[in-house]
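Visitor: The structure under discussion is supplied below as structure tokens; questions concerning it will follow.
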Amino acid sequence: MALTASAESQSKRGTILAIVIAVHAIGLWVVESGLSRSIIEMVAPPVETKIIEEETPPEEPPPPPPPPPLDATPPPPYIPPVEVQVQLPPPVNAITAEVRETPPAVTPPVMAPPPPAAPAIAGTRPAVNPRLSRSTDDYYPSQSKTNKEEGSIVIKCTVGIDGKCANATIDSSSGFPLLDEAALKYANQGIRFVPGTEEGKPVVMSHMFKVTFKLTKR
């Protein structure tokens, strides 16, 4: 009897284990074949979602200001202030306002009077002595007359106390060589001077004079 009970117990356990294995196998098959998704869709219909916008209530206008009290006094009218122009005194110039000290007067030095000039030595310049001089026509070159050459020559010389002209040179030429040579010859031979004097005595003096050669019209 004991063996029979143990065999029945083991038979029940094997049956239960076989049922559990069969259930797991069916579940795996359902998952793989997508049958479970069909079952879920059949059981639970799709859920639709709608977005409902929230309506904002319109803003109420602000309440009107309360009326003024009956016993309130209206404000006085606005009176603009009167502009008063104030004239300021002109600025004081610092340069003119400062006190200036008068510098002491400077007395210029007294210059000594210059010494008296020496009295001029009374004298005379040499002058032609017509009484002892010859005419320039005597020394007029004939060739110059033929060529109709005219002109003046300034001679510079030294007049001695005897009235003779020495060291004669031409200071200004006539432009004609023949006339220049004739003028030097006339100064050395044909003219005499009254010698110059200093303090009334004849002295040697440098002198300049002009010799002119001019054709005489006939």
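Values quoted throughout were computed directly from the atomic coordinates according to the rules given, and no laboratory measurement underlies them. What you see is a predicted model; the values in this text were computed from it and never measured. Methodologically, a virtual Cβ is constructed for each residue, glycine included, from the backbone with ideal geometry; neighbour enumeration extends over all protein chains shown.
Visitor: With 18 Å as the limit, write out which pairs from K156/K214; K148/K217; K148/K210; K148/K185; K156/K217; K185/K217 have Cα-Cα distances beyond it, or answer none.
Guide: On the way: K156/K214 20 Å; K148/K217 11 Å; K148/K210 20 Å; K148/K185 20 Å; K156/K217 30 Å; K185/K217 24 Å.
Over 18 Å Cα-Cα: K156/K214; K148/K210; K148/K185; K156/K217; K185/K217.
Visitor: Which number comes out as Rg/Rh for the stretch 149-218 once both Rg and the Kirkwood Rh are worked out on C-alpha atoms? Please report the intermediate quantities before stating the final value.
Guide: Values: Rg = 13.5 Å, Rh = 12.8 Å.
Expressed as Rg/Rh, it is 1.06.
Visitor: Which value does Rg/Rh take for the stretch 110-185 over its C-alpha atoms, Rh per Kirkwood? Mind dumping the intermediate values first?
Guide: Details: Rg = 20.1 Å, Rh = 15.8 Å.
Reported Rg/Rh (Cα atoms, Kirkwood Rh): 1.27.
Visitor: What does the charge count around P195 come to, taking other residues whose C-beta lies under 12 Å from its C-beta (Lys +1, Arg +1, Asp -1, Glu -1)? Let's see the in-between values first.
Guide: On the way: positive: R125, K164, R192, K201; negative: D162, E198.
Once positives and negatives cancel, what remains is +2.
Visitor: Taking the Cα centre of the stretch 141-218 as origin and charging only Cβ (+1 Lys, Arg; -1 Asp, Glu), how large is the dipole, in debye to the nearest 20? Walk me through the numbers before you get to the answer.
Guide: Details: 11 positive and 8 negative charges, 90 e Å.
Using only the charged Cβ atoms, the result is roughly 440 debye.
Visitor: Still on this model: How many nm is it between the label spots at K201 and A112, if each spot is 7 Å from the Cα in line with the beta carbon?
Guide: 3.3 nm
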